[in-house]
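Colleague: The structure under discussion is supplied below as structure tokens; questions concerning it will follow.
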Amino acid sequence: MTDATPPPGCPAHSGAVALSGLEYQQSPSELYRSLRREHGAIAPVLLDGDIPAWLVLGYPEVTYVTSHDELFARDSRRWNQWEHIPADWPLMPFVGYQPSVLFTEGAEHQRRAGVITQALEAVDQFELARACERIADQLIDAFAGSGRAELMAAFAHALPMRAAVQFCGMPAGSTDFEQLVDDLRISLDAAEGDDPVAAYGRVGARIQQLVKEKRESPGPDVTSRMLAHPAGLTDEEVVQDLISVIAAAQQPTANWICNTLRLLLTDERFALNVSGGRLSVGQALNEVLWLDTPTQNFIGRWAVRDTQLGGRQIRAGDCLVLGLAAANTDPQIWPESQVGAENSAHLSFSNGEHRCPYPAPLLADVIARTAVETLLERLPDLVLSVEPQELTWRPSIWMRGLTALPVQFTPVSH
């Protein structure tokens with residue numbers, strides 16, 4: 001954590017903390033605690049390249065910001081720091097304005113989000129669970145005979161991506177399907193040597209092709225329903241919003257699956273009754289949303305005008321990063337410092353107009369729960385093949401996910 005000189009003309013960012021560094025990535029909750037002690041509910045922080053922003057740490061404050069779009073809006077073109085941002089800034093994919101549902105506001109946002117909501121509402125949850133079980137079985141079949149696996153790549157990332165691409169209407173098993181799944185992985189979660197920009201371009205082209213095919217020959221899928229909606233979205237709008245839907249369904253759900261498996265495999269409260277008890281899987285899934293939520297921080301909101309928040313003077317055009325993980329563990333809502341996993345008032349799917357559109361969280365729950373339960377049913381003696389403290393978290397301030405989850409089990413033939 002380093003102090004840095006903020007760019008000229010930026011808000012009073014004395015004592016701002018850089019949101020980076022290994023200490024942050026491996027134990028962000030400690031950083032949230034120290035920021036809260038030092039700054040209260042709103043902390044001055046520095047993003048990559050020492051760009052100033054505010055990190056909203058308090059549960060009531062995150063709820064307030066996300067409930068008041070007239071004060072804190074989503075269109076990033078308001079940002080007062082654009083002159084300091086280089087074109088190749090690493091966070092550009094998250095903040096560079098795009099004509100997608102993510103950056104729209106007011107009536108236009110309601111129109112676009114309404115189309116997604118209705119298209120997702122028609123997804124049959126039982127059918128989705130069956131499809132996820134089939135996908136899980138195929139993925140498990142590929143490693144079940146070897147007695148060991150690395151579950152991040154072989155299972156947790158692959159399953160929600162295949163499920164999302166399938167419910168958007170691309171036939172499973174086609175070459176295009178496999179290529180799209182691979183390009184989505186690269187564009188959302190590039191490994192060394194990958195070219196995420198090129199992969200993202202191919203994703204856009206393939207989704208464009210899918211939209212064209214569904215315009216000509218609709219089917220019982222999310223893409224066709226978005227195209228048929230009376231709001232009359234253009235093909236380009238559907239392409240942009242479909243990419244948002246698939247991206248949201250994939251990475252957070254993959255980390256939700258993996259963080260839940262980590263909890264089940266490392267916490268003795270679950271070890272005794274996991275293979276038999278479905279209830280404990282549900283508890284683990286919910287506890288992860290409170291304590292290890294897949295989307296740690298979300299960038300963000302931009303102040304529409306000068307305003308006060310948590311005792312801070314926020315200037316028009318300032319960027320606010322939503323500290324979803326910090327808010328979920330806010331001592332104000334957990335005075336005994338004991339987070340109760342049984343309720344679901346967490347902010348893991350955000351809040352307000354721009355929250356994850358209903359019923360997306362329910363569909364994500366179906367995907368994650370089916371993935372975890374199927375794996376535990378098929379491989380009941382699954383154990384970690386390293387010590388729990390050897391597991392490492394990905395170097396990201398935005399997503400909370402492991403770099404790898406190596407496991408072993410009794411080999412089974414299928």
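The values are calculated or read from the model by the stated rules, or taken from the named source; none is laboratory data. None of the values given here were measured: they were computed from a predicted structure. Methodologically, a virtual Cβ is constructed for each residue, glycine included, from the backbone with ideal geometry; neighbour enumeration extends over all protein chains shown. For the accessible areas, the whole protein counts, side chains as well, though only heavy atoms, and no ligand, DNA or RNA atoms are used. Shrake-Rupley method; radii C 1.70, N 1.55, O 1.52, S 1.80 Å.
Colleague: I need a count of the residues in segment 46-67 that are more than 21 Å from the chain's Cα centre (by Cα) and buried (at least 19 other Cβ atoms within 10 Å of the Cβ).
Modeller: 3
Colleague: Please find, within segment 106-122, the residue that is nearest to the chain's Cα centre (by Cα) out of those that are within 16 Å of Asp69 (Cα to Cα) and among the small types (Gly, Ala, Ser).
Modeller: Ala113
Colleague: For Thr410, indicate whether it is of a type outside the set (Gly, Ala, Ser), in a helix (DSSP H, G or I) and over 30 Å from Asp69 (Cα atoms).
Modeller: Criteria not met by Thr410.
Colleague: Please verify whether Leu55 is part of a helix (DSSP H, G or I) and aliphatic (A, V, I, L, M), treating the condition exactly as stated.
Modeller: no
Colleague: Now, a different point. Select from segment 375-407 the residues that are part of a strand (DSSP E or B) and more than 30 Å from Val321 (Cβ to Cβ) and write down the one among them that is nearest to the chain's Cα centre (by Cα).
Modeller: Out of the qualifying residues, it is Pro406.
Colleague: Would you say Ala327 is in contact with a His (Cβ under 9 Å, 6 or more places away or on another chain), modelled with pLDDT of 90 or more and either open to solvent by less than 30 Å² (accessible area, probe 1.4 Å) or assigned to a loop (DSSP other than H, G, I, E, B) (or both)? Give the steps one after another, and end with the answer.
Modeller: Values: in contact with a His (Cβ under 9 Å, 6 or more places away or on another chain): yes; modelled with pLDDT of 90 or more: yes; either open to solvent by less than 30 Å² (accessible area, probe 1.4 Å) or assigned to a loop (DSSP other than H, G, I, E, B) (or both): yes.
Here the answer is yes, as Ala327 does meet what is asked.
Colleague: Among Thr410, Thr392, which is the only one that is loosely packed, with under 15 Cβ neighbours inside 10 Å, of a type in the set (Val, Ile, Thr) and touching a Gly at 6+ places or on another chain (Cβ under 7 Å)? I'd like the intermediate steps shown before the answer.
Modeller: Numbers: Thr392 fails: touching a Gly at 6+ places or on another chain (Cβ under 7 Å).
Checking each option against the conditions leaves just Thr410.
Colleague: Please work out if His354 is within 13 Å of Thr295 (Cα to Cα), under 20 Å from the mean Cα position of the chain (by Cα) and assigned to a loop (DSSP other than H, G, I, E, B). Spell out the reasoning first.
Modeller: Working: within 13 Å of Thr295 (Cα to Cα): no; under 20 Å from the mean Cα position of the chain (by Cα): yes; assigned to a loop (DSSP other than H, G, I, E, B): yes.
No.
Colleague: Next question. Consider only pairs whose beta carbons are under 6 Å apart and that are at least six residues apart or on different chains; among these, list those whose first residue lies in segment 157-184 and is at pLDDT 90 or above and whose second residue is open to solvent by 40 Å² or more (accessible area, probe 1.4 Å) and of a type outside the set (S, T, N, Q).
Modeller: As it stands, the answer is Gln166/Ala172, since those pairs meet every condition given.
Colleague: Only one residue in Phe349, Phe298 is touching a Lys or Arg at 6+ places or on another chain (Cβ under 6 Å), under 26 Å from Leu128 (Cβ atoms) and in contact (Cβ under 8 Å) with a residue 12 or more places away in the chain. Which one?
Modeller: The match here is Phe349.
Colleague: Consider segment 12-45. How many of its residues are in contact with a Phe, Trp or Tyr (Cβ under 8 Å, 6 or more places away or on another chain), surrounded by 15 or more Cβ atoms within 10 Å (Cβ to Cβ) and modelled with pLDDT under 85? Explain how you work it out, then say what you get.
Modeller: Keep residues of segment 12-45 that are in contact with a Phe, Trp or Tyr (Cβ under 8 Å, 6 or more places away or on another chain), which gives 25-26, 31, 42-45.
So of that shortlist, the ones also surrounded by 15 or more Cβ atoms within 10 Å (Cβ to Cβ) come out as 25, 31, 42-45.
Next, from what is left, pick out any that are modelled with pLDDT under 85: 25.
Selection size over segment 12-45: 1.
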